[in-house]
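The values are calculated or read from the model by the stated rules, or taken from the named source; none is laboratory data. The structure displayed is predicted, hence computed values, not measured ones. Positions of Cβ are backbone-derived with ideal geometry, glycine not excepted, and every protein chain shown enters the neighbour counts.
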Amino acid sequence: MKERPALMGAEAKARIRELLEDSGTRFLKVQTTGVGADARIISLTLMDTFGGFSRFVFNPGFDIEPITEKLTGLRNDVLKNGMSWAEWHDELKDAFSKAKTIVAWNMSFDRAKIENEQLLASAVIEDVVGDCSFVDAMELFSGAVGKDTKYTKLMNALGHPTPVDPVEYLLEVRQLLEREAGI
């Protein structure tokens, strides 16, 4: 069996160990209606380092495209029964209040989408996420995956194609980080 090259340097491995050992670390997965500036969040999942999670499904206020249904596994009939960001506000604030650090594969995208939802709900991001710090897991890898294919390459590294359940995805990202950090 061919040994694959290490994805992270010693500094990144140490940071990953620190994050995985901290009970205040939460892994974030956001699913959206698309990738454009006007894309809305339709699902947000936060998972702690022990595998416990909170998942929120949002009604974007319009039908999503069939390709988005296929990629996310979320159907329009399910989303129509979801609540708005404003209606989930207290539960979101409670879920984020347990976090010291939020880790996501593409944090700049996820944070921008959260900020957009907060603006649409006439609030600021700190109102929900508090003062937790944000870490981009992609940046912890020394051989950063190409911008246009990062999600596909991550899924290939995890051994399966998209789509995938957000909780399963977060568990597997955590396992990938553990494996690379030698934990």
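For segment 57-76, the count of residues that are touching a strand residue (DSSP E or B) at 6+ places or on another chain (Cβ under 7 Å), in a strand (DSSP E or B) and in contact (Cβ under 8 Å) with a residue 24 or more places away in the chain is nonzero.
Of the residues making up segment 83-102, those that are modelled with pLDDT under 90 and closer than 24 Å to Leu171 by Cβ number 0. For Ser122, the conditions (1) part of a loop (DSSP other than H, G, I, E, B); (2) within 15 Å of Thr32 (Cβ to Cβ); (3) over 19 Å from the mean Cα position of the chain (by Cα); (4) of a type outside the set (Phe, Trp, Tyr) are fulfilled apart from (2).
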